[in-house]
Amino acid sequence: MSKSEHFGVNRWRRFDDWDERPLRLDNFAKDDPRNGFSAMNGSNDPASSVRCSGGSITEMDGTAADEFDIIDLFIARYHLDPDRVEEAMALPSAEVARMLVDMNVPRERLVRLAHGMTPAKLAEVVAHLNAMEIAFAYAKMRARATPGNQAHVTNAKDDPLQLAADAATAVAFGFDEIETTMRVSRNAWSNALACCVGSSVGRAGTLFQCSSEEAEELQIGMAGFTSYAETVSVYGTEKSFIDGDDTPWSKAFLAAAYASRGIKMRCTSGAAAELLMGFHEAKSLLYLEARCLCMQRAMGVQGTQNGGIDGAPLASSITGGVRELMAENLIAVWLDLECASGNDARSSESEIRIGAKILPFLIAGSDLICSGFGSILKYDNSFNPSSFNGEELEDYLVLQRDFEADGGLTPRGEDELLSIRRRAVDAIAAVFEELDLGSPDDDMKGSVVAASGSQDTRSYLPGEVSDISGGISERCITVLDVIRALHTRGFVEEAENLLFLVKLRLSGDYLQTSAVIRGGHVISAINDPNAYDGPGSGYRLSAERRAEIAAIRGELDQREVLRAEASFAAAEQQRIAYRTMGPAQRGADDSEVVIGLSPAFGTQLFRTLAGHSLADVLRAVGDGVAEEGGTARFVRFTHTADTSFLGLSAAGLSGSGVGIGLQAKGTAVIHQRDRLPHNNLELFSNAPITTLDHYRALGRNAVRYAAGRDVEPVVVPTNGEALGARYHARVALIYAIETGLTSDGAVPQDIGIDFLGKQTGGARP
């Protein structure tokens, strides 16, 4: 019989606790290279190799030219530079990996070498890097210096009023790009028009995409509603490519079609797509993605949407999968492509895993840290929930502040956002009325302005939207009609903002690699190159940008703490009066317990961290002392504000030799004369969850210690609350108020207490 059986135990209960964690909703795949479950260094990955003859590639990664599939052929013809392959392929992969993390090796040299490397070589090199090294190399190799971000703006109803309001909100938060899609495919035109209008509110230059079927998406772009596209998908195996979307040549043609009309464009790939489609050829995720990225560079596109994308949850289930997602993004920027670095599809139910996944790109920076941050709520995200959604947007803003890292977003105030949403709803309503597409009433508009998500709105339903969308398409309404409608109805600034984008399309300026529009100007890898060569170089927060990132909700300073406390002062004066009685002397009554008050107690501070009136706390402690037959004396100390020394000083004056130290924030201690300062009898350190009944018990126990009776220490129960995270900033500010009132050698003062009102009550422990 085992010991577990002997004790009647068949499971450690910690596993029961773990079973309730969100992590247990995740699935994890065993390593299985034969069936495609291999993040890097797959058993079927080819060794890197290349042969050239007469300026042509005759063999690549172990495959002769006459056996090339369509992907090999495209890469060999249009990606590999015959003049560079000999030098690049001759370098040992480990040496190139060291060059990627060597700040003394210029980015330009590494980009040139990448143009002479085969997919297998690129994968071999980055596989030498651990996660920290990949993040460092990414910071060095990304194309544009200034980081940016992209938002998803969708909703479950395809409601154009909400789309316009949410697009304007995303613009206000600082997203450089906005992407929408729809729940009902025929609503594409309405969604595009609504987001186009919403994205023009507040500032000019936010790029916009409507993710639809490729032919229709191109038509929407030709009508002028969209300014970029990124749903031109490529795959790492021939069968996936043919089964998914044609050939590399057809994709290249589509990319050229977008560019010819001034529409910024990047391709989409990402690890595990081939595994999801069943055509993985038993090769690793990284090798297949290296093929995809080489194809994208060969197509001449300026960038890529990379880092797993829809396959990220599957990639993340594989050992080393998240490291692989980082590695494929590194290959993307190494190839000199703009990188919208994934972090869109939510890859886990664990918030810890999600936060860890975003961190390398937040601190390294990226052209677009998320290729779709869900600026709306999870249930409204028609792409499926992103790594971060509207619920977590404020968490992300705080992450920027924590690391002093520019994640592309800026905190905004409540009044500002409400005004922007109202403006956007009025603008789209005006366009609908002017173009005879609809007449939303005030109730519809008002519900959207205040709504957090579509469950809060009383606006358009998907079927009604379909009629609007059909009207836009059938009547061939274009962005110029929308600009005219806005201007006619008095939305001149919004009309000018949209016209600004149309003019930029004509110039083609934002077709440059990694181009976004900030302050009315295009910034890209051309005029804002990432020139990182060690500490102090590359992108650094300006003082102005740092101030923007720091200005989150909930910031405290001492003035705010004092202002809040002052609001309680009048009510407290109705409960208690303090009378200074003169210098305190040592007592002679052996039943006496001195209660030592901190300097700001009842003078500048009036509530504990739990929200208890200080009058109620003193009444509770005094009642506890009296219940055990003791006598309470109150003394204010101003030579110290420290809890332990307040208690020890109180004990030194107490006739019984036992004293209580009590800070205004509610921290308390029972101390005894002649004990070491921090060797107290009992400590109540969790002030935010200490009740009045606990303070009453504190008073009782002090008398019991003084009388030498048996004492059961009072325990303030916790449920694992992160009390430090909730209160430490406030505690430090409060304690600074206390210490600011101290004076070395100050004489303690007896304080007379008059209770003027009833106790407000406290919860039982």
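Read-outs throughout are calculated quantities, based only on the coordinates presented, and are distinct from any laboratory measurement. Keep in mind the model is a prediction, meaning the values are calculated, not measured. Quick reminder, even Gly has a Cβ in these numbers, built from the backbone with ideal geometry, and neighbours come from all protein chains shown.
Restricting the calculation to Cα atoms, every distinct pair contributes to the Kirkwood radius of the stretch 544-629, found to be 16.1 Å. Remark: the residue 507-residue 566 segment gains 15.3 nm on full extension, using 0.36 nm per residue and subtracting the alpha carbon distance. Here the convex hull built on the C-alpha positions of the stretch 558-755 has a volume of 111 cubic angstrom per residue.
Going by the alpha-carbon gyration tensor, a ≥ b ≥ c the square roots of its eigenvalues, is the stretch 457-563 rounded (a/c under 1.5) or, if a/c is not under 1.5, prolate (a/b greater than b/c) versus oblate? Cα axes put the stretch 457-563 in the oblate bin. Coupling constants for the stretch 480-486 follow from the phi torsions by the Karplus curve (6.51 cos²θ - 1.76 cosθ + 1.60, θ = phi - 60°), and in residue order they are 5, 5, 5, 4, 4, 5, 4 Hz; glycine and proline get x. To the nearest Å, what is the center-to-center distance of the stretch 571-613 and the stretch 185-216, using C-alpha atoms only? Here the two parts' Cα centres lie 64 Å apart.
Expressed as a fraction of 2.2 N^0.38 Å, the value expected for a compact globular protein of N residues, the C-alpha radius of gyration of the stretch 237-303 is 1.14.
Against the main long axis of the alpha-carbon atoms of the chain, helix 492-507 sits at an angle near 40°. Computed about its Cα centre, the charge dipole of the stretch 150-550 is approximately 680 debye, with only Lys, Arg, Asp and Glu carrying charge at their Cβ.
Taking amide H positions as modeled 1.01 Å from N, with prolines and chain starts lacking one, the residues under 5 Å from residue 372 and 5 or more places away or on another chain are 150.
If you average 1/r over all unlike Cα pairs in the stretch 134-192 and invert the result, what Kirkwood radius do you get in angstrom? Roughly 13.3 Å, rounded to one decimal. Taking a sphere under 9 Å around the Cβ of residue 211 and counting the other residues whose Cβ falls inside, with K and R at +1 and D and E at -1, yields a net charge of -3. For residue 458 and residue 394, the FRET efficiency from 1/(1 + (r/R0)^6), where r spans their Cβ atoms and R0 equals 22 Å, is about 0.25. Taken about its Cα centre, the chain carries a charge dipole of about 2080 debye when Lys and Arg each add +1 at the Cβ and Asp and Glu each add -1 at the Cβ.
Just list whichever of 157/445; 264/378; 121/283; 264/357; 264/503; 157/378 have alpha carbons separated by over 19 Å in the model shown. From 157/445; 264/378; 121/283; 264/357; 264/503; 157/378, over 19 Å: 264/378; 264/357.
Computed over the alpha-carbon pairs of the stretch 199-252, the distance histogram in 5 Å steps reads 4, 18, 21, 18, 16, 10, 6, 4, 2, 0 percent, short to long. Each Lys or Arg adds one and each Asp or Glu subtracts one; over the other residues with Cβ under 12 Å from the Cβ of residue 13, this totals -2.
Could you tell me the distance between the Cα centroids of the stretch 297-361 and the stretch 659-674, to the nearest Å? Cα centroid to Cα centroid, the span is 54 Å.
Scoring 480-486, 735-741 by mean Cβ neighbours within 10 Å over their residues and listing the highest first yields 480-486, 735-741.
Taking the inverse of the mean 1/r over every pair of distinct Cα atoms in the chain gives a Kirkwood hydrodynamic radius of 30.0 Å. From the alpha carbon centroid of the stretch 231-269 to that of the stretch 95-120 is 27 Å. Amide H contacts for residue 37 (H built 1.01 Å from N in the peptide plane; partners 5 or more residues away or on another chain; cut-off under 5 Å): 32.
Packing order of peptides 44-54, 346-356, 303-313, highest average first: 303-313, 346-356, 44-54 (average count of other Cβ atoms within 10 Å over each peptide's residues). Per the Cα gyration tensor, the stretch 81-165 maps to an equivalent ellipsoid with semi-axes of 38, 15, 13 Å, ordered largest to smallest. Using only DSSP helix segments of four residues or longer, with each worth -39500 (n - 2.57), what per-residue ellipticity at 222 nm results for the chain after dividing by its residue count and rounding to 500? The per-residue figure over the chain is -13000 deg cm²/dmol. How would you classify the stretch 198-317 from its alpha-carbon gyration tensor, with a ≥ b ≥ c the square roots of the eigenvalues: rounded for a/c under 1.5, else prolate if a/b is greater than b/c, otherwise oblate? Prolate shape, in that a/c is at least 1.5 and a/b is the bigger ratio. Each Lys and Arg adds +1 at its Cβ and each Asp and Glu adds -1 at its Cβ; summed about the Cα centre, the stretch 558-755 shows a dipole of about 380 debye.
Oblate is the label for the stretch 37-120. Its Cα gyration tensor axes, ordered a ≥ b ≥ c, give a/c of at least 1.5 and b/c at or above a/b. For the chain, the antiparallel share of DSSP beta bridges with both residues in that region comes to about 50%. Between the listed residues 588, 312, 648, the Cα displaced farthest toward the positive end of the dipole of the chain, a dipole computed from Cβ unit charges relative to the Cα centre, is found at 588. Projected onto its three principal axes, the C-alpha set of the stretch 150-550 covers 56, 48, 41 Å, listed from the longest axis down. Over the stretch 146-244, the hull volume per residue, using the convex hull of the C-alpha atoms, is 114 Å³.
Ordering 85, 64, 53 by the projection of their Cα atoms onto the charge dipole of the stretch 1-113, which places +1 on the Cβ of Lys and Arg and -1 on the Cβ of Asp and Glu, puts 85 at the extreme positive end.
Remark: relative contact order (the stretch 558-755) = 32 percent; criterion is Cα-Cα distance under 8 angstrom and separation of 6 or more residues. Stretching residue 44 away from residue 416 to a fully extended chain increases their span by 128.3 nm, per 0.36 nm per residue minus the current alpha-carbon distance.
Seen from residue 731, the other residues with C-beta closer than 15 Å to its C-beta sum to a net charge of -2, counting Lys and Arg as +1 and Asp and Glu as -1. Computed extension length for residue 673-residue 7: 235.0 nm, one decimal, from 0.36 nm per residue of separation with the Cα-Cα distance subtracted. The peptide list 189-195, 501-507, put in order of mean Cβ contacts within 10 Å with the highest first, becomes 189-195, 501-507.
Taking the fewest neighbouring Cβ atoms within 10 Å as the starting point, the ordered list for 589, 26 is 589, 26.
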